[in-house]
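Reading through the structure tokens given below for one structure.
The values are calculated or read from the model by the stated rules, or taken from the named source; none is laboratory data. Since the model is a prediction, treat every value here as computed from it, not as a measurement. Note that we place each Cβ from the backbone using ideal geometry, even for glycine, and neighbour counts take in every protein chain shown. Just so you know, the surface numbers come from the protein's heavy atoms only, side chains and all, with ligands and any DNA or RNA stripped out. Shrake-Rupley method; radii C 1.70, N 1.55, O 1.52, S 1.80 Å.
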Amino acid sequence: MFQRKIEKDLGKLIKTFPSVALLGPRQVGKTTLAKALLSKVKNTLYLDLEDRDDFNALQNAKLFFESHRNALVVIDEVQRMPELFPSLRAEIDAQRTAGRFLLLGSASPDLLKRSSETLAGRIVFNELSPLLFSEVHPAISYEKHWLRGGYPEALKQKNTALWNTWHASFLRTYVEKDLPALGLASPALTITRLFQMLAYNQGQILNKSEYAMALGISVPTVSNILDYLSYAYLIRFLPPYATNAKKRIVKSPKVYIRDSGMLHHLLGIRQTKELLANPKVGFSWEGYVIEQVISHFGHDKSYYYYRTQGGTEADLVIAHYNKPIHIVEVKMNSDSGVTKSLLNSMQDLGVKRTSIIVPGTGISFPLRKGIDMCTLDTFLSKIR
């Protein structure tokens, strides 16, 4: 079992706030992490709402919570009982002490809306991503992690055939069972086809009209499906940085499939040599690096891409309080130099630090003042 980066922070939050939510996609390790934390707490109670007995135990939630006020109550798959949130609010208000509830679940629009409104001021959210490169390195190489992605079950499969089979089963279950359970009513075939189209357009600027026309559905339907995929942590929208009023800025987001293993499964890529020969390899590497950087540094920063109508662009802009502080350029070739576009981006955004991230490990050297070329491992270890 790999040490999760979030574990210490999650433990601190539980000791500070009455209710903590740990959200993320299925099979990402939320339950495993929660049980590891429970082993360090004296009085705990674990409920899984996919278990009929546990589900029934909360039919009278008020009485149940009153009977277990001295325990840390962990409720897994909490999205299955959204009507629970008013009872949680009442119980927290009745005894407002730290460490009352740990809620685990797959996010949905309904879950986020209900919890944020009903438990406002009483809950903090945390996201558990698939295993990060910084969590598995050096036990697992960046090549394997990039190819297979970060889902624990996918990473541990003995061969590529089993890895591919796992992803096929995972996606089928999500499309046919989990997304409909979260409230998405679109046909499974439509969701699958849109997901495949997203894979072939990895890292591209979102054009909902093109997807709608190709699928024979309306733009609002495309928007609805994309929203659910985003709330379920399967895709990421990367917004443009657009506060420079003097520049004509591209204003639509880019969209990425978040897990590289899922992307490669959808593209029919099964081995590293196939990946490196695939015409989408550059977009795959870009999405992988961007996801690793964002997931590693978390939500105390904000993240954008930058592109002007004149062709100036930057792959990832890291901002603090909406002020750009660092540019990340993602390249497949370590022979890549400093481009005019990159220098223009730094000037436009007022950024003094840029990192060009290339494949490999243990590499970091300056190209010129304020611009370094490095590999993902050295970037994650040096940048704070």
*Out of curiosity, is ASP335 in contact with a Pro (Cβ under 6 Å, 6 or more places away or on another chain) and without any contact (Cβ under 8 Å) to a residue 24 or more places away in the chain?*
no
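State the number of residues belonging to the range 17-42 that are over 22 Å from the mean Cα position of the chain (by Cα) and at pLDDT 90 or above.
2
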*Report, by residue number, each residue of the range 136-147 that is over 16 Å from ILE290 (Cα atoms) and open to solvent by less than 30 Å² (accessible area, probe 1.4 Å).*
VAL136, ILE140
*Conditions: (1) of a type in the set (Ser, Thr, Tyr); (2) open to solvent by less than 40 Å² (accessible area, probe 1.4 Å); (3) touching a helix residue (DSSP H, G or I) at 6+ places or on another chain (Cβ under 6 Å). THR378 meets all but one. Number of the miss?*
(3)
_Selected residue (criterion: nearest to ASP178 (Cα to Cα)) from residues of the range 80-123 that are hydroxyl-bearing (Ser, Thr, Tyr) and open to solvent by 10 Å² or more (accessible area, probe 1.4 Å)_ = SER116
*Given the structure, is PHE133 among the hydrophobic types (A, V, I, L, M, F, W, C), open to solvent by 40 Å² or more (accessible area, probe 1.4 Å) and either farther than 20 Å from ALA232 by Cα or touching a residue at least 12 places away in the same chain (Cβ under 8 Å) (or both)?*
no
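Okay, residues lined up against (1) in contact with a strand residue (DSSP E or B) (Cβ under 6 Å, 6 or more places away or on another chain); (2) β-branched (Val, Ile, Thr):
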site	(1), (2)
GLY310	no, no
HIS326	yes, no
VAL330	yes, yes
ILE356	yes, yes
_Given the criteria under 20 Å from LEU13 (Cβ atoms) and either over 30 Å from the mean Cα position of the chain (by Cα) or open to solvent by less than 10 Å² (accessible area, probe 1.4 Å) (or both), does VAL73 qualify?_
yes
*Go through the range 216-239 and count every residue that is open to solvent by 20 Å² or more (accessible area, probe 1.4 Å) and farther than 24 Å from LEU128 by Cα.*
7
*In the range 94-137, which residues are farther than 24 Å from ILE257 by Cα and in a helix (DSSP H, G or I)?*
ALA94, ARG114, SER115, SER116, GLU117, THR118
*Can you find even one residue in the range 320-338 that is over 23 Å from LEU238 (Cα atoms), open to solvent by 40 Å² or more (accessible area, probe 1.4 Å) and hydroxyl-bearing (Ser, Thr, Tyr)?*
yes
*Across the range 10-65, what is the number of residues that are assigned to a helix (DSSP H, G or I) and open to solvent by 70 Å² or more (accessible area, probe 1.4 Å)?*
10
*Among THR118, THR165, THR192, which is the only one that is touching a residue at least 24 places away in the same chain (Cβ under 8 Å) and of a type in the set (S, T, N, Q)?*
THR118
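Quick one: would you say ARG307 is within 23 Å of ARG148 (Cα to Cα) and among the charged types (D, E, K, R)?
Answer is no for this residue.
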